[in-house]
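Following: one structure in structure tokens, then a few remarks.
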Amino acid sequence: MDPQTVFCHNPACPARGQVGKGNIRIHSQKERRYICDVCKKTFAETKGTPFYRLHKAQDLFVLVVTLLAYGCPMQAIVAAFQLDERTVVRWQQRSGEHCEKVHQHLVEQPRDLGQVQGDEIRVKIQGAIVWMAMAIQVGPRLWLGGSVSTCRDTTLITCLMQKVRACALCRPLLLCADGCAAYVKAARAVFREPLHFGQKGRPFLRPWDNLNVAQVVKHYVRKRVVGVERRLVQGSMAQVQTLVAETQGGGTINTAYIERLNATFRARLAALVRRGRALARQTTTLHQAMYLVGTVYNFCTYHHSLRVAIHLPLNRRRWVSRTPAIAAGITDHLWTVEELLSFQVPLPCWTPPKRRGRPSKATKALMAQWCS
Ligand SMILES: [Zn+2]
């Protein structure tokens, strides 16, 4: 147990979420609990992770979640480990919610995206058809998030574009998608910056200058592709060619990278298997399972095409494998699933509760100490 690496989880504590400030001590080695000197509350070592208040062994939980993240059907896990099906469903939910928080904290940070590809998967759930929209940053093959909805409409695509926007810096950006017209409308609506003139009301929203939107439309005859039409809906062709060359090393506008990622998700998410029997019942289950698979893909799996060669003397070379998160500069090593599940997402800094009048001296002192 290391008190220097944990933080207080009490939402009312001025020191919440602050690591290495010396306010945490070990409360009990036996019960594995810490204590915060500021609020005098104790908390378990596993607080803020899916292991919190777990009744089964932690190793079993990690094993089951790893199997779920690589597409093992739930019934196989139930039979192999003699667990109740509801327990496995709950573990998938807990780990999915945790992975979504990790994704929001580490991946949804502004970065130069270069080229982003988006696509939707048609998913059969019990008694309905839903759509799962996802996006990938082509350079480091980083999964940028996804959304699930019952309709393949502007709301779904806008939700996806907002996730891409959360990861994007205002730099030259190429968005590639299929012929779904909602992408163009959603991209124009989401990629805008407010211009403040000091006037009342909603500020004027200015569209991004270097946003390029391209569509790849495939024409089919009897379920076979007979032609591919590439359209540049917004932006300049010269900038698009530069971005394509930088991110994929040549070639033309395409959606091959997101289609390959869709195939990975279909293989690793039992509910997405075509003509399968392991259907999901609710869209929330699908959403949580998608975040579990996506985060394990980003952090815990080496990507074959991301490996780099290190040239050694005598014309020899050594290959170094990388995960999408390493390639994007988010981390420097391959995470284990246990490491991913034990990662504690820091809480936002404390803000004093709203009261009428000026803050007291005591509140000011707390703000000076903990809100800097
Ligand atoms: Zn505290």
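Listed values, structure above:
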item: Hey, Thr5 among the hydroxyl-bearing types (Ser, Thr, Tyr) and away from the ligand (no atom under 16 Å from the Cβ) or not; result: no
item: Hey, Ala177 touching a residue at least 12 places away in the same chain (Cβ under 8 Å), among the small types (Gly, Ala, Ser) and under 28 Å from Tyr220 (Cα atoms) or not; result: yes
item: Failed item in (1) without any contact (Cβ under 8 Å) to a residue 24 or more places away in the chain; (2) under 22 Å from Arg188 (Cβ atoms); (3) in a helix (DSSP H, G or I), with Arg231 passing the rest; result: (3)
item: Pick from the stretch 204-231, criterion polar (S, T, N, Q) and within 24 Å of Pro194 (Cβ to Cβ), ranking: surrounded by the fewest Cβ atoms within 10 Å (Cβ to Cβ); result: Asn210
item: Failed item in (1) within 16 Å of the ligand (Cβ to nearest atom); (2) surrounded by fewer than 15 Cβ atoms within 10 Å (Cβ to Cβ); (3) among the hydroxyl-bearing types (Ser, Thr, Tyr); (4) at pLDDT 90 or above, with Tyr34 passing the rest; result: (2)
item: Condition met for Arg275 (of a type in the set (D, E, K, R), in a loop (DSSP other than H, G, I, E, B) and at pLDDT below 95); result: yes
item: Test: Gln93 is more than 25 Å from the chain's Cα centre (by Cα), of a type in the set (S, T, N, Q) and outside any loop (DSSP other than H, G, I, E, B); result: no
item: Residue satisfying condition, being assigned to a strand (DSSP E or B) and polar (S, T, N, Q), within set Gln117, Gln199; result: Gln117
item: Scope the stretch 76-90; condition out of contact with any helix residue (DSSP H, G or I) (no Cβ under 6 Å at 6 or more places or on another chain) and either part of a loop (DSSP other than H, G, I, E, B) or not hydroxyl-bearing (Ser, Thr, Tyr) (or both); matching residues; result: Ala76, Ala79, Ala80, Phe81, Gln82, Leu83, Asp84, Arg86, Val89, Arg90
item: The stretch 15-43 residues that are in contact (Cβ under 8 Å) with a residue 40 or more places away in the chain, paired with ones that are assigned to a strand (DSSP E or B) and within 12 Å of the ligand (Cβ to nearest atom) (beta carbon under 6 Å, 6 or more apart); result: Ala15/Cys8; Arg16/Cys8
item: Lys41 within 16 Å of the ligand (Cβ to nearest atom) and surrounded by fewer than 16 Cβ atoms within 10 Å (Cβ to Cβ); result: yes
item: Enumeration of residues in the stretch 1-48 that are in a loop (DSSP other than H, G, I, E, B), charged (D, E, K, R) and closer than 22 Å to Glu338 by Cα; result: Asp2, Lys30, Glu31, Arg32, Glu45, Lys47
item: Members of the stretch 232-251 that are at negative phi and surrounded by 13 or more Cβ atoms within 10 Å (Cβ to Cβ); result: Leu232, Val233, Gln234, Gln239, Val240, Gln241, Thr242, Leu243, Val244, Glu246, Thr247, Gln248
item: Any chance Pro110 is in contact (Cβ under 8 Å) with a residue 40 or more places away in the chain and more than 20 Å from Arg268 (Cα to Cα); result: yes
item: Flag if Ala328 is under 21 Å from Arg141 (Cβ atoms), surrounded by fewer than 18 Cβ atoms within 10 Å (Cβ to Cβ), hydrophobic (A, V, I, L, M, F, W, C) and in contact (Cβ under 8 Å) with a residue 60 or more places away in the chain; result: no
item: Failed item in (1) closer than 30 Å to Pro346 by Cβ; (2) surrounded by fewer than 19 Cβ atoms within 10 Å (Cβ to Cβ), with Val78 passing the rest; result: (1)
item: Residue check for Ala168: modelled with pLDDT of 90 or more and small (Gly, Ala, Ser); result: yes
item: Selection within the stretch 243-255 - assigned to a helix (DSSP H, G or I) and without any contact (Cβ under 8 Å) to a residue 40 or more places away in the chain; result: Ala245
item: Options Arg94, Arg141; residue that is free of Cβ contacts under 8 Å to residues at least 60 places away in the same chain, in contact with a Pro (Cβ under 6 Å, 6 or more places away or on another chain) and either buried (at least 19 other Cβ atoms within 10 Å of the Cβ) or aliphatic (A, V, I, L, M) (or both); result: Arg94
item: Unique residue being more than 16 Å from the ligand (Cβ to nearest atom), part of a loop (DSSP other than H, G, I, E, B) and among the aromatic types (Phe, Trp, Tyr) when the list is Phe51, Phe61; result: Phe51
item: The stretch 10-31: number of residues that are near the ligand (Cβ under 9 Å from one of its atoms), among the aliphatic types (A, V, I, L, M) and at pLDDT 90 or above; result: 1
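The values are calculated or read from the model by the stated rules, or taken from the named source; none is laboratory data. On a predicted model such as this, the values are computed, not experimentally measured, just so you know. All Cβ positions, even for glycine, are placed from backbone atoms using ideal geometry, and neighbour counts span all protein chains on display.
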